[in-house]
Amino acid sequence: MVNGQTVRLLGSKVDPVHDSVAVDGKIVRVKKKIYIALHKPLNCVCSRNDELKRPTIYDLLPAEWTTVNSVGRLDFKSEGLIFLTNDGEFALRLTHPRYGIRKKYVTTVEGKVLPEMLRNFVAGIYDGGEKLKALSAHLLASSHSKSVVELDLAEGKNREVRRLFESQNVTVKKLVRTQIGKIKLGELKPGKWRTLSEAEIKTLISDL
């Protein structure tokens, strides 16, 4: 029923702000859309239920937020920025390969990384029949024992950053996603979350 009147015309429209809609006598309310930026901590999974009973990112959120899901994933040993939402269209637009939203990662690896390796990452490397490619690769620090590399990616393939380094027999010691689109991890501490502002949401959509 709409405003107390039974609706019999297929395709009838309602204004969710001003009209009262009821089904079987129960008022239907517009679902509030939630957009969360979370700093996923180390040793935490992005699945809602984990067979191994490991901590999940959903343990870090208010219990009543049962409808939100992660936008993409970070693996168990990785940390950094991840979004959660109950807006399916928003999630699809941020994860579908054709939109190519950029993500920035800072990786600490064992040993000295040479510029040639980074050039190979940008040119593209084949791994398991799949081409892995960074949009940009910068050496932030380097010594004989370890190097810190910043990578920009767009395609979001499974374990792409780790696979790039593994293809060069380089061991990743730490992996942090620091940025998605124009949204940065900033000062958000591991395990903490914040809501995205309306301006930030529009910025993400406008990037697509």
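Nothing in this text is a laboratory measurement; each read-out follows from the coordinates by a stated rule. Values in this document were obtained by computation on a predicted structure and should not be read as measured data. Note that we place each Cβ from the backbone using ideal geometry, even for glycine, and neighbour counts take in every protein chain shown.
Suppose every K and R has +1 on its Cβ and every D and E has -1 on its Cβ; what is the size of the dipole of the stretch 1-142 about the Cα centre, in Debye to the nearest 20? The partial results should precede the final answer.
Values: 22 positive and 15 negative charges, 63 e Å.
Using only the charged Cβ atoms, the result is roughly 300 debye.
For the stretch 160-195 and the stretch 80-133, what is the centre-to-centre distance using only Cα atoms, to the nearest Å?
9
Lys/Arg Cβ at +1, Asp/Glu Cβ at -1, dipole of the stretch 1-136 taken about the Cα centre: which of PHE83, GLY111, HIS96 is farthest positive-ward?
HIS96
Provide the net charge surrounding VAL172, with neighbours chosen by a C-beta distance below 9 Å and charges set as Lys +1, Arg +1, Asp -1, Glu -1. Please list the in-between numbers first.
On the way: positive: LYS77, ARG162, LYS173, LYS174; negative: GLU110, GLU166.
Value of the local net charge: +2.
Measure of size requested: the Rg and Dmax of the stretch 102-180, with Cα atoms as the atom set and Å as the unit; please supply both.
So, for the stretch 102-180, Rg and Dmax equal 11.3, 32 Å respectively.
Please report, in debye to the nearest 20, how large the charge dipole of the stretch 142-207 is about its Cα centre when each Lys and Arg carries +1 at its beta carbon and each Asp and Glu carries -1 there.
Details: 14 positive and 9 negative charges, 76 e Å.
With only Lys, Arg, Asp and Glu charged at Cβ, the dipole is about 360 debye.
Report the equivalent ellipsoid semi-axes for the chain in whole Å, largest first, defined as the square roots of five times the eigenvalues of the gyration tensor built from alpha carbon atoms. Write down the numbers at each step before the final one.
Details: eigenvalues 344, 68, 43 Å².
Rounded to whole Å, the semi-axes are 41, 18, 15.
For the stretch 28-117, just say rounded, prolate or oblate: build the C-alpha gyration tensor, square-root its eigenvalues into a ≥ b ≥ c, call rounded for a/c under 1.5, and beyond that prolate if a/b exceeds b/c, oblate if not. Let's see the in-between values first.
Details: a/c = 2.94, a/b = 1.54, b/c = 1.91.
Oblate shape, in that a/c is at least 1.5 and b/c is the bigger or equal ratio.
With the contact rule set at Cα under 8 Å and sequence spacing of 6 or more, what percent relative contact order holds for the stretch 70-123? Before the final figure, lay out each step's value.
Values: 22 pairs, mean separation 12.9, N = 54.
After rounding, I find 24 percent.
So which of LYS53/LYS112; LYS26/LYS182; LYS31/LYS103; LYS103/LYS192; LYS33/LYS131 end up more than 31 Å apart by C-alpha?
Working: LYS53/LYS112 37 Å; LYS26/LYS182 41 Å; LYS31/LYS103 29 Å; LYS103/LYS192 20 Å; LYS33/LYS131 36 Å.
Result: LYS53/LYS112; LYS26/LYS182; LYS33/LYS131 exceed 31 Å.
Would you mind putting 103-115, 119-131 in packing order, based on average other-beta-carbon counts within 10 Å, highest first? Show your work: numbers first, answer last.
Details: 103-115: 17.8, 119-131: 12.4.
Highest mean packing first, the order is 103-115, 119-131.
What is the magnitude of the charge dipole of the stretch 102-180 about its Cα centre, with +1 placed on the Cβ of each Lys and Arg, -1 on the Cβ of each Asp and Glu, and no other charges, expressed in debye to the nearest 20?
Working: 15 positive and 9 negative charges, 47 e Å.
Charge dipole of the stretch 102-180: 220 debye, to the nearest 20.
Order the peptides 32-38, 52-58 from the highest to the lowest mean number of other Cβ atoms within 10 Å of their residues.
Working: 32-38: 17.9, 52-58: 14.6.
In decreasing order of mean packing, 32-38, 52-58 become 32-38, 52-58.
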